[in-house]
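Working notes, beginning with the structure itself.
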Amino acid sequence: MRYFLEQTAQYLYDNYGNRLRNHCLVFPNRRAGVFLLKHLSIVSGNPLWAPKTTTINDLFMSVSPYKTAPTEKLVVELFKLYRELAKKEETIDNFYFWGEMLLNDFDDVDKYLVNPEALFTNLKDLHDIDKKFGGLTEDQIKVIRRFIVNFREGEITDQKRDFEFNWSILLPLYISFKKRLRELGIAYEGMAERDLLEEDGAVSSKFRDFEKYHFIGFNALNNCEKKLMEILKSESKAEFYWDYAKTPFFEHNPRAALFVESNIKEFGQTLPLTASNTGSLPVVTIVDIPSDSGQAKLLPNIFKEMAIDTDPDNLHKTAVVLADENLLPALLSSIPPEITDINITMGYPFKMTVVYSLLRSLLSLQEIREVKEPHKVFFGHRKVLKILSNPLVVESTNGRAEDMAKQIISGNISFISPSFFGEDPFLALLFGVVGDTDKLCGYLRDIFISIAESRDGSDPLTAEFLFRANQMLNRLEPLFGDSSVNINKEVAIRLIDRIFREIKVPFRGEPLRGLQIMGILESRAIDFDNVIILSANEGVLPRSSPSSSYIPHNLREAFGLPVISHQDSIYDYYFTRLLTRAKNVVLVYNSSAEGMRSGEMSRFLLRLKYGNLVSPSFFSAKIGIRVGGGVGASIPRAQNDIRILEEKYIKGADRRPLSPSAINAWLNCGARFYYSYVCGMKETDRLVEGIEPAMMGTILHEVINRYYSPYVGEKISTPIMEELMKNKKGKRQLIDEVLREVWFGGEDNVPKTGNALIMADITEMFVDRVLEIDKSLAPFILIGLEQNFTKNLPINYSGNKESIIIGGKIDRIDQREGVKRLIDYKTGKSEPNISSIEDLFSGPPKKRNDAVTQTLIYCYLLSDEKGFALSRPVIYALRESNREKWDDTITIGKKPLDNFKEVETQFAELLTKTVEEIFDPSIPFALTTYDSSCSSCPYKKICKKQPF
Ligand code: SF4
């Protein structure tokens, strides 16, 4: 068996020898040309003047008067003309992807030499379509008529109206767009090809540099390619090498050879290929695994099973073909360590890189509507922390970024001024304020350059991503300065993000060494001994969705433009030919049916499974590989977990109190308790820039504290309350002071707009509510504010008597009518009613009441203290809207709880039992069985609890 390119090289050498220097070899892709030259040097055995190798696109462009232009330049030109023709106030970001789609359609129209006037017929003029376009075939006219009739049938919706309007301007848009590009001296591929072919005698006069053009390894051709080949053939200047013989694989599947057979009929076959050239049938294994990344992780095992020769000089005989390019990042991290040389020929999705994640965070940081006074700009902490924790930033700052993040978290700073970063030039660059659109690209580029310069070159992949990002920013920069497009900053941010999300970073390495990693299209014309195809799923191989087009399917079909069935045959051919000369083939598919994925193997695999050509072995990699799905119903309590809890709460030298929050966490979900109190995972994102109950609570507590602190130990009468309520100015000043300290890290220039203003207003509303309540209940003696209390709770622990310190901070204690009130302010939703004490410890989430449990624990803490024989828990539920009915008593089964002593014994028993369970080494950390509890859980991403 000899590879196709090897046989072609032999033929070329045998027939042309040294004369090949005057020949041009044309391939569907560059890599095939490199492989052919390698085979040529082997078959010649002597130094040889190499022929010219090129791709067909490059061949066209080499004789075109136009330069190829980047997509974004083309879309912007299209946008300007569309706006003029449509007379619509459209923004470029809304237009951009529609523009790209149109560009592809125009490219197809030109590559397939379609008459644009016939295709983009005005739907209203259709009655005389046959008279108007005499050149149309009967079938085309029928399809167009059917399309229009169907289109007009039924209700005229907004979408139909939009389509009709846009369709009506496509022809003038197509004409004026090409005119404009000619003026600029640029073109898209189809335009350059068509212009050349429509110019009389251009092919004959421009293709004179070579004695012959050899077209090697093509399959489906567009009409421009066909026409070029026809002209060159008619001048005896073309030879054709189709990789096709009636091998068992093609015999078995004639559909795959649809295009190639018709090409052979039309152009002939120069290379005499026969089935005997292709060797014996390969050994085929089909593997299923219920995960995408799991497919990549199987690679080392597959290599072992296939006994692949990992010598760099032989590895080029092995290809890993990715039907889904999104698997590339996972694949690269799964390459066995002994493989040091790899060659990637495919696009790496930029959106999966750490550079994109930084770009996105930076764009989000700059989403500031108006920057009139940059020194008054504050960034939300969440955005700042995200940037500070980006690995590129962490690596570039030698720990400075982490220090800053710690300061923000420990200082509870919600809004951060750029001045917070002081003199650090890199951090100042990151957190600079971009006022104008045309500065945006420069801002990002400076950051990427600075990061690139700080790196040591040990990670060439990231260096390449940074380089590509800068290249794209350089291309985009002139667009943002183009006054005729007039892009504002908001639009520019969206546009940059959308464009970068779609970028594929191309890799081109030294193809003749190392493991070959490629997409299915890059495998054209090349053969391998060992072929591993990943994502061989139905819907992926072949792709089930057609490429996006504005031209309806039946019109595409009528005018001979490619449609989905066209794509299926193309992929079938590539798949079939890849298997034809391989010795070992492993086909891996993802068997999990999630979202839009069916979990089915590709129809190409089914054909192998049920056909009688090869007998694939099947292997299921489900067992032993854990994918998603969370931790199960409970997390076992490991020895280390037991040790941590003992150290922290039972036996450690500086053991700490177990708080009401920890007890509530356990009662709500054992796993949540585990993540927070055993693993010590902090909810760092509790800092928020929006109006969030936790932050609201912190601010309110602080304001009330400062408001009442001068009165601790005093009797507060109704006149005092009236005085306090009158002092509106002082209250607002106090609120602003607390906001500045708690929310803005003590910065001056707190903005008087947006969230800060809303937060101040809401705080004031809650403060007023507390004052109103207190006025209605005055007089009372204020005993203490925000005081910590603890108490030892004896428990049984592993057969021994131990004690746990229970402790917490009580918002306020006062005395009214001889009863001590232990008060908790609640700004979130809170009901001061429960059905029973038991429900607090074992009820479903609707019946469990964290706020009541917490205040009862406070009462328990003080129940033995002198003067607390008469005490009761009180919740100031400040959201309670029914002010008239408001009461400060907690009810149990509708009965008011006037004194904690009434329930103390029962409460203490249940509390003891709960705390014993918390520390019981034999009890695992169970996940809650109530799915509703998980929606707001900060650990849900780690936990991944499956719904019960
Ligand atoms: S997501 Fe649900 S089960 Fe998991 S820790 Fe949070 S509350 Fe518990």
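The values are calculated or read from the model by the stated rules, or taken from the named source; none is laboratory data. On a predicted model such as this, the values are computed, not experimentally measured, just so you know. In this analysis, Cβ positions are derived from the backbone assuming ideal geometry, glycine residues included, and neighbour counts consider all displayed protein chains. Ligands, DNA and RNA are stripped out before the accessible areas are found, and what is left, the full protein with its side chains, is counted by its heavy atoms. Shrake-Rupley method; radii C 1.70, N 1.55, O 1.52, S 1.80 Å.
Listing for the model above:
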read-out: Whole-angstrom gap from the range 1-31 to the range 781-818, using each part's C-alpha centre; value: 88 Å
read-out: Values of log10 I(q)/I(0), in the order q = 0.18, 0.27 Å⁻¹, for the range 478-535 under a Debye, Cα-only, solvent-free model; value: -0.74, -1.23
read-out: Mean ellipticity per residue at 222 nm, deg cm²/dmol - from DSSP H runs of n ≥ 4 across the chain, formula -39500 (n - 2.57); value: -13500 deg cm²/dmol
read-out: For Arg740, solvent-accessible area (1.4 Å; no DNA, RNA or ligand), Å²; value: 80 Å²
read-out: DSSP-loop trypsin sites (Lys or Arg not before Pro) across the range 217-295, with at most 16 other Cβ within 10 angstrom; value: Lys246
read-out: Cross-link table Lys847/Lys894; Lys439/Lys489; Lys386/Lys489, entries beyond 18 Å C-alpha to C-alpha; value: Lys386/Lys489
read-out: Projected area, mean over directions - the chain, Cα convex hull, nm²; value: 49.6 nm²
read-out: Reach of Lys297 by Cα under 16 Å, taken over lysines that are not fewer than 8 positions away in the same chain; value: Lys622
read-out: Relative contact order [Cα under 8 Å, 6+ residues apart], the chain, whole percent; value: 13 percent
read-out: Solvent-accessible ranking of Glu251, Glu741, largest area first, probe 1.4 Å; value: Glu251, Glu741
read-out: Residue order for Tyr930, Tyr677 - accessible surface, 1.4 angstrom probe, largest first; value: Tyr930, Tyr677
read-out: FRET efficiency estimate (nearest 0.05) - Cβ-Cβ, Asp341 to Ala633, R0 56 angstrom; value: 0.75
read-out: Rounded Å value of the spacing that divides the Cα centres of the range 416-440 and the range 325-361; value: 30 Å
read-out: When the range 390-482 is reduced to its Cα atoms, the Kirkwood hydrodynamic radius in Å; value: 14.7 Å
read-out: Crossing angle, helix 158-184 versus the chain [Cα axis fit, 0-90 degrees, rounded to tens]; value: 60 degrees
read-out: Reference-scaled alpha-carbon Rg (2.2 N^0.38 Å with N residues) for the range 827-948; value: 1.21
read-out: Proximal charge balance of Glu225 [Cβ under 10 Å; K/R count +1, D/E count -1]; value: +1
read-out: The range 351-506 shape via C-alpha gyration tensor axes, a/c threshold 1.5; value: oblate
read-out: Accessible area (Å², per residue) of the chain, counting only protein heavy atoms and a probe of 1.4 Å; value: 45 Å²
